[in-house]
């Protein structure tokens with residue numbers, strides 16, 4: 001991605017999560033996202049957290065040139081694979097218990113296959129001139145955790161993240177129900193302008209297909225909208241379809257707010 005990266009909220013978030021401070025620039029490579037890294041292990045000192053666990057460092061991507069505004073992408077949680085959990089248990093990592101990363105592995109120069117759809121979306125939004133702040137509503141993940149955003153940790157931290165950008169023109173996009181439900185709670189206080197979309201993960205393709213069909217029937221009232229994506233009833237919902245629909249929905253949402261059209 002042709003963009004500039006920064007981590008404007010991590011220092012405060014790491015304090016609230018009791019994560020041993022890690023300098024993202026040092027650990028994840030330079031600001032141009034050109035360096036690929038092995039997993040980064042650190043220490044978390046929260047007694048309520050089961051370990052090993054995962055924490056993703058939120059990041060800000062800025063396009064080259066003037067920014068049209070800031071789109072906040074709020075995902076769900078810093079999920080870790082069984083391999084990640086097993087690797088951190090190696091004797092050389094005995095004193096460490098948290099696997100650090102970034103949302104959708106954006107610190108890696110080589111795109112993991114499961115993250116391709118996210119980069120397709122982000123690349124286009126950056127080319128359109130928008131800055132992107134990318135974060136999760138659930139801040140710490142572990143194997144047996146019920147992924148419900150907490151009132152005493154997750155939601156207050158996200159409010160702090162929003163406060164960091166309070167002087168900017170900001171648009172918020174929630175990916176998935178957990179993110180949407182948390183935003184609904186915050187909206188009672190802040191009157192947020194937000195867009196809710198299904199999460200783009202590969203496990204969520206049925207939701208995207210239903211979203212496309214519902215829009216064709218009830219919004220556009222034109223089945224050809226759906227037929228543009230699906231040649232027949234059995235056609236799969238690909239990364240390209242999800243990315244194209246998500247980009248269209250997000251840009252339309254931002255344009256409507258900017259032009260003053262009621263949502």
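Annotations for the structure displayed:
- Residue identified as more than 23 Å from residue 204 (Cα to Cα) and surrounded by 15 or more Cβ atoms within 10 Å (Cβ to Cβ) among 136, 154, 163, 167: 154
- The set of residues from the range 163-209 being without any contact (Cβ under 8 Å) to a residue 40 or more places away in the chain, within 16 Å of the chain's Cα centre (by Cα), closer than 20 Å to residue 254 by Cα and not in a strand (DSSP E or B) comprises 180, 198.
- Residues (surrounded by fewer than 21 Cβ atoms within 10 Å (Cβ to Cβ) and either at pLDDT 90 or above or part of a helix (DSSP H, G or I) (or both)) located in the range 62-80: 62, 63, 67, 68, 69, 70, 79
- In the set (1) in contact with a helix residue (DSSP H, G or I) (Cβ under 6 Å, 6 or more places away or on another chain); (2) part of a loop (DSSP other than H, G, I, E, B); (3) within 16 Å of residue 139 (Cα to Cα), the condition left unmet by residue 107 is number (3).
- Residue count for the range 118-129 satisfying the condition of being crowded, with 22+ Cβ neighbours inside 10 Å and either touching a helix residue (DSSP H, G or I) at 6+ places or on another chain (Cβ under 6 Å) or in a loop (DSSP other than H, G, I, E, B) (or both): 2.
- Any hit, the range 103-112, residues being touching a residue at least 24 places away in the same chain (Cβ under 8 Å) and at positive phi: yes
- For the range 151-162, residues that are in a loop (DSSP other than H, G, I, E, B) and either in contact with a helix residue (DSSP H, G or I) (Cβ under 9 Å, 6 or more places away or on another chain) or under 24 Å from residue 252 (Cβ atoms) (or both) total 2.
- Sole residue being under 30 Å from residue 166 (Cβ atoms) and assigned to a helix (DSSP H, G or I), chosen from 226, 246, 216: 246
- Scanning the range 21-49 for residues that are at pLDDT 85 or above and surrounded by 13 or more Cβ atoms within 10 Å (Cβ to Cβ) yields 22, 24, 40, 41, 42, 43, 44, 49.
- Evaluating residue 145 against the criteria (1) under 19 Å from residue 77 (Cβ atoms); (2) in a loop (DSSP other than H, G, I, E, B); (3) free of Cβ contacts under 8 Å to residues at least 60 places away in the same chain leaves one unmet condition, (3).
- Checklist (1) closer than 20 Å to residue 59 by Cβ; (2) touching a residue at least 40 places away in the same chain (Cβ under 8 Å); (3) over 18 Å from the mean Cα position of the chain (by Cα) applied to residue 257, failing item: (1)
- Within the span defined as the range 241-263, one or more residues are modelled with pLDDT under 95, closer than 29 Å to residue 170 by Cβ, surrounded by fewer than 19 Cβ atoms within 10 Å (Cβ to Cβ) and touching a helix residue (DSSP H, G or I) at 6+ places or on another chain (Cβ under 7 Å).
- Residues of the range 98-108 satisfying the condition of being closer than 13 Å to residue 40 by Cα and out of contact with any strand residue (DSSP E or B) (no Cβ under 6 Å at 6 or more places or on another chain): 105, 107, 108
The values are calculated or read from the model by the stated rules, or taken from the named source; none is laboratory data. Values in this document were obtained by computation on a predicted structure and should not be read as measured data. Glycine also receives a Cβ, built like all others from the backbone with ideal geometry; neighbour counts cover every protein chain displayed.
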